[in-house]
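This report concerns only the one structure given below.
The values are calculated or read from the model by the stated rules, or taken from the named source; none is laboratory data. No experiment lies behind these values; they were computed from the predicted model shown. Heads up, the Cβs are rebuilt from the backbone with ideal geometry, glycines too, and the neighbour counts pull from every protein chain shown. All accessible areas refer to the heavy atoms of the entire protein, side chains included, with ligands and DNA or RNA removed. Shrake-Rupley method; radii C 1.70, N 1.55, O 1.52, S 1.80 Å.
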Amino acid sequence: MGHVHILRHFPSPQEGFNRTVRIYTPDTYDARGDHRFPVLYMHDGQNVFAHPESAVFDTWCANRVVEEGVSAGRMEPWIIVAVDSGPGRFQEYSPWDEPRNGVSARGEAYGRFLVEELKPYIDRTYLTRAGSQWTGTMGSSLGGLISLYLGWRFPHVFGRIGALSPTVMWSEGRLFDAWRAHSERWTRIYLDAGATEYIHAGGIPLDYGQGTRDFFHHLKHLGYGDHEVSLVLEPGGEHHEKDWQRRLPGAMQWLLG
């Protein structure tokens, strides 16, 4: 099952506090000498791994998914860097203010932490593969929104973007307005949601099925091809870790395979 190493007080000067970072190295990492591995950065790190020190309830079990995918020959081994969310999760994963429920955005600072602080540390410390084609980011809900933001804002860093049930309707759909053109870089974007997935967050109605479908068509209109963007709408899918865990093998196979 590889190894999960936890850094409990990793400094984020861009944000002004320390974070917990969980780093998974695959089973083959120590046996491959100087082989270099691609890296996936995931959000809500406490919910990512099957590990005794992960969240108490359901997690994505991403380490198991990678090992099973590698064993089946569906994907190569990836390092996963999972960053825990903090008590200000709505703010951390909001690229823009959401005045409807009083959220002040801190997503830009979080993105700079990943690009300026965490990724350089990972590249110095681990045998990583350089280039945006071999660097991904993935999350769900607002973690899906911040993943898409990172892919738009830093296309030279993140070439693979996984957005499960992304809150693209946040901030009155500001992401649609910001993402106005194809990045003209190597890109792979995975989008999914429950076909009729719908919740209220702080009094804001969020239609994930329709919003995710609309953003897929938005990207297609900008010229992204079928090999660059994928949409999965799951009948009966809900806004819950169990649902993201269930869809993760297919998401990782398309995004990382």
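So that you can scan it fast, the table gives a plain yes or no per residue for (1) part of a helix (DSSP H, G or I); (2) closer than 26 Å to residue 192 by Cα:
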{"position": "108", "(1), (2)": "yes, yes"}
{"position": "122", "(1), (2)": "yes, no"}
{"position": "130", "(1), (2)": "no, no"}
{"position": "151", "(1), (2)": "yes, yes"}
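Taking residue 13 as the residue in question, decide whether it is more than 23 Å from residue 111 (Cβ to Cβ) and in contact with an Asp or Glu (Cβ under 8 Å, 6 or more places away or on another chain). Spelling it out, it is not the case that residue 13 is more than 23 Å from residue 111 (Cβ to Cβ) and in contact with an Asp or Glu (Cβ under 8 Å, 6 or more places away or on another chain). The set of residues in the stretch 78-89 being open to solvent by less than 10 Å² (accessible area, probe 1.4 Å) and either touching a His at 6+ places or on another chain (Cβ under 9 Å) or β-branched (Val, Ile, Thr) (or both) consists of 79, 80, 81, 82, 83.
Among the residues of the stretch 176-193, some residue qualifies, meaning at least one is open to solvent by less than 10 Å² (accessible area, probe 1.4 Å), in contact with an Asp or Glu (Cβ under 9 Å, 6 or more places away or on another chain) and hydrophobic (A, V, I, L, M, F, W, C). Determine whether the stretch 90-103 contains at least one residue that is open to solvent by 10 Å² or more (accessible area, probe 1.4 Å), hydroxyl-bearing (Ser, Thr, Tyr), modelled with pLDDT of 95 or more and within 30 Å of residue 184 (Cβ to Cβ). Scanning the stretch 90-103 turns up no residue that is open to solvent by 10 Å² or more (accessible area, probe 1.4 Å), hydroxyl-bearing (Ser, Thr, Tyr), modelled with pLDDT of 95 or more and within 30 Å of residue 184 (Cβ to Cβ).
Scanning the stretch 223-257 for residues that are open to solvent by 40 Å² or more (accessible area, probe 1.4 Å) and closer than 16 Å to residue 188 by Cβ yields 223, 226, 227, 231, 232, 250, 253, 254, 257. Scanning the stretch 104-118 for residues that are surrounded by fewer than 18 Cβ atoms within 10 Å (Cβ to Cβ) and closer than 18 Å to residue 8 by Cα yields a single hit, 117. Only residues that are closer than 21 Å to residue 205 by Cβ and not in a loop (DSSP other than H, G, I, E, B) were counted across the stretch 88-106, and they come to 5. Does any residue of the stretch 191-200 turn out to be modelled with pLDDT under 95 and either of a type outside the set (Asp, Glu) or at positive phi (or both)? Checking the stretch 191-200: at least one residue is modelled with pLDDT under 95 and either of a type outside the set (Asp, Glu) or at positive phi (or both). Yes or no: residue 209 of a type in the set (Gly, Ala, Ser), open to solvent by 60 Å² or more (accessible area, probe 1.4 Å), farther than 20 Å from residue 42 by Cα and over 14 Å from the mean Cα position of the chain (by Cα)? Answer is no for this residue.
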